[in-house]
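Heads up: the structure comes next, in structure tokens.
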Amino acid sequence: MALPKITVNALNLQQGPFPTVEKYLLFIGVAATNVDQLLFLNTDSDLDAELGEADSELKQQLIAARQNAGENWAAVAVPVANGALWDPAVDMAMNENVRVEGAVICTPVTQASDFTAMQTKAVNIEAQYGRRLFFIGAVRGIDSENESWSEYITAVNNLTDTLSAHRVSPVPYIYDDAVGIIAGRLCNSGVSVADTPMRVETGPLVGQDQTTLPVDKDGVRYNMAHAKALNDQRFSVPSFFPDYPGVFWSDAQTLDAPAGDYQVLENLRVVDKAARAVRLVLIGLTGNRRFNSTPNGEAWASNKLMRPLREMSKSTVFQGIPFPAELKPPVEGDIVITWVTREKVEAFMKARPFEIPKELTANIVLDLNNPTA
């Protein structure tokens, strides 16, 4: 006769929340205090104490980011000495396990190879740490004493010509705090990673207006013709509407190749968010025989893998007003699993973002019919 034996196992089905890094950025720029130190900041931080009381490149961008992000803003910053390179600061943050959605390089680039270096750094970080991030790279503003807008635009265009770098978004200092403005706008608590900084409902830029737009050496103020010329070269710039108060923003363009899927940052951000969570699911599935080539095994694994996309697709309608999720809900066929060998498996998944109106046209016609006829 066997003796009675009772065993209770508490199984971990990995149903907990995914950690998030979205709307959490790393800022690197020149400041005099706490040089080469990691600073963890939020809306309560005293930037004078953290970065020094004097104005600095880094502090100016952080102030603008905090103002334009609003409540719940938080960020990491690394002050560097004037003339120092940005990449050692990125490496330090990665080595200290700082996980961020993107890095904001506040010091203007001086040559196209700087953008290439940012793309290379992003690719290497993904390869080494499995972390996906984008770069916002600053570009100098106009020299109002010596340059016309034509001369300025021609000069900075050389920085983006021929480049393919889908993880880099170039931002010229049209305003002195332009990089901070767009970084804050991307992290605003009222928007999601699927939203464009062009979104007017987010509100106008905080801290700047149309009267503070720069002028060139001839006294010509920045206008939408200049915005278009820079936008055509894939720069992300301020924009505004005639007879409409406030200044807004263009798309957050990247240096992706023509016809690429990631020519705007919202496409990259939404896929990166999904990929970060899917990566954790794949780690949890490693060596688990529940995931096998039987219909039940593949159905179970498919359900696990699609969980991040389902969570990103929960929309709400309140009082007839739609509040769309980051993705459209998955449908049958949005995931396909292929067993390459009995130990190697590949999953193909479809993430479908919502449409965004960026060029709007209304057509009005007259109805001259006799209503009594």
Members of the stretch 319-373 that are touching a Phe, Trp or Tyr at 6+ places or on another chain (Cβ under 9 Å) and either open to solvent by 100 Å² or more (accessible area, probe 1.4 Å) or hydroxyl-bearing (Ser, Thr, Tyr) (or both): THR338
Residues that are in a loop (DSSP other than H, G, I, E, B) and farther than 21 Å from VAL215 by Cα, drawn from the stretch 152-173: ASN158, LEU159, THR160, ASP161, THR162, LEU163, SER164, HIS166, ARG167
Contacts under 8 angstrom Cβ, first residue in the stretch 335-351 being over 17 Å from ASP272 (Cα atoms), partner in a strand (DSSP E or B) and acidic (Asp, Glu), 6 or more apart: ILE337/GLU346; THR338/GLU346; VAL340/GLU346
Residues of the stretch 200-219 satisfying the condition of being in contact (Cβ under 8 Å) with a residue 12 or more places away in the chain and either part of a loop (DSSP other than H, G, I, E, B) or touching a His at 6+ places or on another chain (Cβ under 6 Å) (or both): GLY203, PRO204, LEU205, VAL206, GLY207, GLN208, ASP209, LEU213, PRO214, ASP216, LYS217, ASP218
Residue in the stretch 310-318 that is outside any helix (DSSP H, G or I), charged (D, E, K, R) and open to solvent by 60 Å² or more (accessible area, probe 1.4 Å) present: yes
Meets criteria (out of contact with any helix residue (DSSP H, G or I) (no Cβ under 8 Å at 6 or more places or on another chain), open to solvent by 50 Å² or more (accessible area, probe 1.4 Å), in contact (Cβ under 8 Å) with a residue 12 or more places away in the chain and of a type outside the set (A, V, I, L, M, F, W, C)) for GLN14: no
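Conditions tested, residue by residue: (1) without any contact (Cβ under 8 Å) to a residue 24 or more places away in the chain; (2) under 13 Å from PHE135 (Cα atoms); (3) open to solvent by 10 Å² or more (accessible area, probe 1.4 Å).
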{"site": "GLY83", "(1), (2), (3)": "yes, no, yes"}
{"site": "ASP87", "(1), (2), (3)": "no, yes, yes"}
{"site": "MET92", "(1), (2), (3)": "no, no, yes"}
{"site": "ASN97", "(1), (2), (3)": "yes, no, yes"}
{"site": "VAL104", "(1), (2), (3)": "no, yes, no"}
{"site": "VAL109", "(1), (2), (3)": "no, yes, yes"}
{"site": "ALA112", "(1), (2), (3)": "no, no, yes"}
{"site": "ALA117", "(1), (2), (3)": "no, yes, yes"}
Residues of the stretch 126-151 classified as assigned to a helix (DSSP H, G or I) and surrounded by fewer than 21 Cβ atoms within 10 Å (Cβ to Cβ), total: 6
Extreme residue, farthest from ARG352 (Cα to Cα), among residues of the stretch 289-309 that are part of a loop (DSSP other than H, G, I, E, B) and either touching a Phe, Trp or Tyr at 6+ places or on another chain (Cβ under 9 Å) or open to solvent by 40 Å² or more (accessible area, probe 1.4 Å) (or both): ARG289
Which numbered condition THR160 fails, given (1) closer than 23 Å to MET312 by Cα; (2) touching a Lys or Arg at 6+ places or on another chain (Cβ under 6 Å): (1)
Residue within the stretch 53-68 that is within 22 Å of ARG132 (Cα to Cα) and open to solvent by less than 10 Å² (accessible area, probe 1.4 Å) present: yes
Scan of the stretch 152-176 for residues that are open to solvent by 20 Å² or more (accessible area, probe 1.4 Å) and among the charged types (D, E, K, R), ordered by number: ASP161, ASP176
Failed item, numbered, when VAL78 is tested on (1) crowded, with 20+ Cβ neighbours inside 10 Å; (2) modelled with pLDDT under 95: (2)
Cβ pairs under 7 Å, 6+ apart, first in the stretch 222-236 and over 15 Å from LYS358 (Cα atoms) and hydroxyl-bearing (Ser, Thr, Tyr), second modelled with pLDDT of 95 or more and assigned to a loop (DSSP other than H, G, I, E, B): TYR222/ILE174; TYR222/LEU213; TYR222/PRO214
Test for ASP44: is it assigned to a helix (DSSP H, G or I), surrounded by fewer than 17 Cβ atoms within 10 Å (Cβ to Cβ) and out of contact with any strand residue (DSSP E or B) (no Cβ under 9 Å at 6 or more places or on another chain): no
The stretch 217-275, subset open to solvent by 10 Å² or more (accessible area, probe 1.4 Å) and of a type in the set (Val, Ile, Thr), residue farthest from the chain's Cα centre (by Cα): VAL220
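The values are calculated or read from the model by the stated rules, or taken from the named source; none is laboratory data. Just so it is clear, the structure is predicted and the values come from calculations on it, not from any experiment. Ideal geometry is used to build each Cβ from the backbone, glycine not excepted, and the neighbour counts take in all protein chains shown. Accessible surface is based on the protein model in full, side chains and every heavy atom, while ligands, DNA and RNA are left aside. Shrake-Rupley method; radii C 1.70, N 1.55, O 1.52, S 1.80 Å.
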